[in-house]
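Input: a single structure, listed below in structure tokens.
The values are calculated or read from the model by the stated rules, or taken from the named source; none is laboratory data. Owing to the predicted nature of the structure, the values given are computational and were not obtained by experimental measurement. With ideal geometry, Cβ positions are generated from the backbone for all residues, glycine too; neighbour counts draw on all protein chains shown.
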Amino acid sequence: DEDSEKEDVAKEPEEDNEDDESEKGKDKKSQAKDEESEKDNDNKEGKKNGKSEEHDLKEEKIKDSRQKESVNENKTSSVASEGKSMKEAAAASPSVRRLARELGVEINSVSGTGPGARISEGDIKDHVKSRMQPGVSSSVTQKALPDFSKWGEVDIQPMSKIRSVTAEAMAYAWTAIPMVTQFDQADITELEEFRKNQTKKQEDPAAHLTITSILVKVCEAAIRSFPQFNSSIDFNNKEIIYKKYFNIGVAVDTDRGLLVPVIKNVDKKKILEISNELNDLAEKARDKKIKPEEMDGGNFTISNLGGIGGTGFTPIVYSPQVAILGVSRGSTKPKYIKDNFVPRMILPLTLTYDHRIIDGADAARFLRWICEALENPVKMFL
């Protein structure tokens, strides 16, 4: 019995060890399963993360693609706009552009008839011709004016008929005629002394010589010597009309605006006759009694602002005339004569002319001729 108890006692630890080893084995298996499960989870998470990364990459690629498409669209739009602006820019040679400048034409407003809408000299001339057709308005389209009353009090009045006609005529002349102005001075010291002496001899105080009446006669002689200044241009028929009569207009300042009475047949009248007629017409203009026919038919115009002042100005040619003489106030100035400075009466003159028919050299000769005629009146008879 004791032996059997000892054997039982000896067996118990062995059984306990076996149980411990069995539990350890189970723990190891369980741990292995847990590790495998963790690995599976990690793999699953890795796959999920991989899919997520792939998704993010795809989205980034889509974004990049869209950005590239946007850039391309912008480039295409830019190229298109550049192409459009290049189409809008006039296609013309330098000689055609020069002709447009000389004729006062904005070349981008001309429709070209050549290949690729290229503009030719004929297109420029046709454009000018169309603008010179009767009934075609030459006025520039005015932009909308601001509300001036928000800055202060205003007074709105209708434009008078004379002011409206003058504005239309000046706008037409400015846009249709390529004008150039020539400047010169005349020494009228002796002429002024002669004029004053002749005025004193006149019984009628109203019948006196004026610089303007003398200039009328001088200009008549000048346009006889230079026929291109007594002409008009007919662009429709491509002709130049040279006139054989001599009518000189003189601008008169009135309270209604500028009026231009015309002295007819100046070549057949003496200076005193011209002076009397000019006084009568100026009085009619100021008294609102002048007739339209008394302001028609002028070949050349004189605008004298000397009575008001100024040292020079650039008058605008009155179409269909081709030139106008501007006269400013004469003044005493020192002039170098025979090694000495002497006081002389100097009269500033300006000549504005139509460059389509009159060249610069001819304009300079014409104005110098007038100056020399005033300085030595005998020249008019040579």
Legend entry - Entirely in segment 281-345, the strands (runs of 3 or more DSSP E) that have 3 or more residues that are among the β-branched types (Val, Ile, Thr) and either under 21 Å from residue 267 (Cα atoms) or out of contact with any Gly (no Cβ under 6 Å at 6 or more places or on another chain) (or both): none
Inset, instruction - Look through segment 318-329, keep the residues that are surrounded by fewer than 20 Cβ atoms within 10 Å (Cβ to Cβ) and touching a residue at least 40 places away in the same chain (Cβ under 8 Å), and return whichever of them is nearest to residue 166 (Cα to Cα). - result: 319
Legend entry - Residue check for residue 350: buried (at least 17 other Cβ atoms within 10 Å of the Cβ), touching a Pro at 6+ places or on another chain (Cβ under 9 Å) and either β-branched (Val, Ile, Thr) or part of a helix (DSSP H, G or I) (or both): yes
Legend entry - Scope segment 99-124; condition free of Cβ contacts under 8 Å to residues at least 24 places away in the same chain, surrounded by 14 or more Cβ atoms within 10 Å (Cβ to Cβ) and under 20 Å from the mean Cα position of the chain (by Cα); matching residues: 105, 107, 110
Inset, instruction - Evaluate segment 97-105: report whether one residue or more is among the hydrophobic types (A, V, I, L, M, F, W, C), closer than 26 Å to residue 318 by Cβ and either modelled with pLDDT of 90 or more or assigned to a helix (DSSP H, G or I) (or both). - result: yes
Inset, instruction - Count, please, the residues in segment 282-299 that happen to be surrounded by 12 or more Cβ atoms within 10 Å (Cβ to Cβ) and either among the acidic types (Asp, Glu) or within 28 Å of the chain's Cα centre (by Cα) (or both). - result: 3
Inset, instruction - Could you please let me know if residue 173 is aliphatic (A, V, I, L, M), assigned to a helix (DSSP H, G or I) and either under 25 Å from residue 255 (Cα atoms) or out of contact with any Pro (no Cβ under 7 Å at 6 or more places or on another chain) (or both)? - result: yes
Inset, instruction - Answer yes or no as to whether residue 216 is β-branched (Val, Ile, Thr) and within 33 Å of the chain's Cα centre (by Cα). - result: no
Legend entry - Residues satisfying the stated conditions in segment 161-193, i.e. free of Cβ contacts under 8 Å to residues at least 60 places away in the same chain and either of a type in the set (Gly, Ala, Ser) or within 25 Å of residue 311 (Cα to Cα) (or both): 164, 167, 171, 193
Inset, instruction - Test each condition in (1) at pLDDT below 90; (2) of a type in the set (S, T, N, Q); (3) more than 23 Å from residue 345 (Cα to Cα) for residue 199 and report the one that comes out false. - result: (3)
Legend entry - Scan of segment 132-155 for residues that are modelled with pLDDT of 65 or more and in contact with a helix residue (DSSP H, G or I) (Cβ under 8 Å, 6 or more places away or on another chain), ordered by number: 154
Inset, instruction - With the condition kept exactly as written, say whether any residue in segment 248-256 is under 32 Å from the mean Cα position of the chain (by Cα), at pLDDT 95 or above and polar (S, T, N, Q). - result: no
Inset, instruction - Within segment 320-333, identify whether any single residue is closer than 24 Å to residue 104 by Cα and at pLDDT below 95, and answer yes or no. - result: yes
Inset, instruction - Kindly indicate whether residue 180 is touching a helix residue (DSSP H, G or I) at 6+ places or on another chain (Cβ under 8 Å) and either among the hydrophobic types (A, V, I, L, M, F, W, C) or at pLDDT below 85 (or both). - result: yes
Inset, instruction - Determine if segment 306-317 includes at least one residue that is in contact with a helix residue (DSSP H, G or I) (Cβ under 6 Å, 6 or more places away or on another chain) and touching a residue at least 12 places away in the same chain (Cβ under 8 Å). - result: yes
Legend entry - Tally, over segment 353-374, of residues that are in contact (Cβ under 8 Å) with a residue 40 or more places away in the chain, surrounded by fewer than 16 Cβ atoms within 10 Å (Cβ to Cβ) and within 21 Å of residue 318 (Cβ to Cβ): 2
